[in-house]
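The values are calculated or read from the model by the stated rules, or taken from the named source; none is laboratory data. Owing to the predicted nature of the structure, the values given are computational and were not obtained by experimental measurement. Backbone-built Cβ (ideal geometry, glycine too); neighbour counts: all protein chains shown. Just the protein is used for accessible areas: all its heavy atoms, side chains included, with ligands, DNA and RNA removed. Shrake-Rupley method; radii C 1.70, N 1.55, O 1.52, S 1.80 Å.
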Amino acid sequence: MIYFDNAATTYPKPPSVIKAMNNALISCGNPGRGGHELGRNAERIMYDCRVEAAELFGLDDEMKIAFTHNATHALNLAIKSTMQDGGHAVTGGFEHNSAIRPLEAMENVEYDIAYSELFNEEDAIRQISSKIRPDTKCVVLNHISNVFGNELPIYKIDDLCSKKGIDLILDISQSAGAEKINAGDFKAVRFMCMPGHKGLYGPSGTGILACCKEDKLYSIIQGGTGSNSGDLTQPDFLPDIFESGTQNFIGIAGLLASIRFVKGRESEISEHKRNLIRLFNEEMADEKKLKVFYSDRQKSLVSISANERNDDLFEHLCQKGICTRNGLHCAVTAHKSGHTEDFGTIRISFSAFNTEDEVKKLSEILKKYLKSL
């Protein structure tokens, strides 16, 4: 098997992640629910993970790291905290449904989608700017598209939002762990949302909400937090406001190990994946029956399309032991921007563990299939 579905979840996981989770199962109790040794072990793991995550993303206080179930959970908290009193929001044209559907579900919220030309950063800025209204409260932006791997100009859009007094919510699901992202480099960013199981190489069921600003906080779940237990109202401080109920400390133990795996290696991992994308494009450059959506500034992944043959090609790859993903990838707005909404794309996404030989094997299989048509 060759695994090229890392944009969904990275595989394999570093051995240190598996070891950390096994150790936590043996040595931990419920964090924040007792002063005994097993409870304290779990508390230490969670605190250490907050510290490591805050350092990784340039936050000045580890308590600004809230643990979530995944990026979807983090985006819901971020969007509903920012838009709880209603108003207008703008999203980019390459958003995941995790950003669109919370806005769609809020009855007192209006939003516009800023569709833009694929791989055109200036058009992305222009379209987002054109959608901003006097009552716009926030822009929700996917840093790197989970469909095409195009990177949006988050620093220029942050500057635009700052000048207009608008909050920016960043979905860094495809860039966390693979690109250097420092909260101190932004002026308008209120939240950064990410899963643990993708570029951070952690386990599923984990995520991070990095809270860059501490006001406008709203919890969509209320309950036990281990703090202020004599008060019937939800704590209003970080991270407790977002962390009701027993946390996935087994997963967080794995997340701690995974953050330590990527820390300091972001540029190396990013360049490795870009090299694989370039190699794949070179291998497939002469094929006329397959569309490769490629840019020399692309990150993490590449999409291909044989249009109405996508389903057959995807099944052929599965039979050959090649793991990819076919369809709309939970991001129909991105496909509308890329004009691929009719047939979707087959997504090939890389990790630190993929090799050039694997890319060449994939290319060989694709060429034989296309020749047989």
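The table that follows gives values for the structure above.
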| item | result |
| --- | --- |
| Crossing angle, helix 249-262 versus the chain [Cα axis fit, 0-90 degrees, rounded to tens] | 60 |
| Rel. contact order, % - alpha carbon contacts under 8 angstrom, at least six apart, region 1-90 | 12 |
| Point-to-point label distance, residue 336-residue 288, nm (Cα→Cβ direction, 7 Å offset) | 3.4 |
| Protein accessible area in region 147-284, 1.4 Å probe - carbon and sulfur % | 45 |
| Accessible area (Å², 1.4 Å probe, nearest 10) - residue 115 | 90 |
| Percent carbon-and-sulfur accessible area, region 82-122, ignoring ligands, DNA and RNA, probe 1.4 Å | 39 |
| Accessible area of region 62-152 divided out per residue, in Å², using a probe of 1.4 angstrom | 35 |
| Alpha-carbon centroid distance for the pair region 334-364 / region 174-214, whole angstrom | 23 |
| Structure-based [θ]222 nm, the chain - -39500 (n - 2.57) summed over DSSP H runs of at least 4, per residue, nearest 500 | -12000 deg cm²/dmol |
| Degrees separating the helix 266-284 axis from the principal Cα axis of the chain, which is the longest one | 20 |
| Helix axis angle, 310-319 relative to the chain longest principal axis, alpha carbon, degrees | 80 |
| Angstrom value of the Kirkwood radius, inverse mean 1/r, which spans all Cα pairs in region 49-197 | 15.3 |
| Cut-off 17 Å (backbone N to label point 7 Å along Cα→Cβ of residue 135), residues of region 85-112 | 85-91, 103-112 |
| Residue-normalised accessible area of region 331-373, expressed per residue, 1.4 Å probe, Å² | 45 |
| Region 48-165 - share of DSSP beta bridges that are antiparallel (%, nearest 5) | 10 |
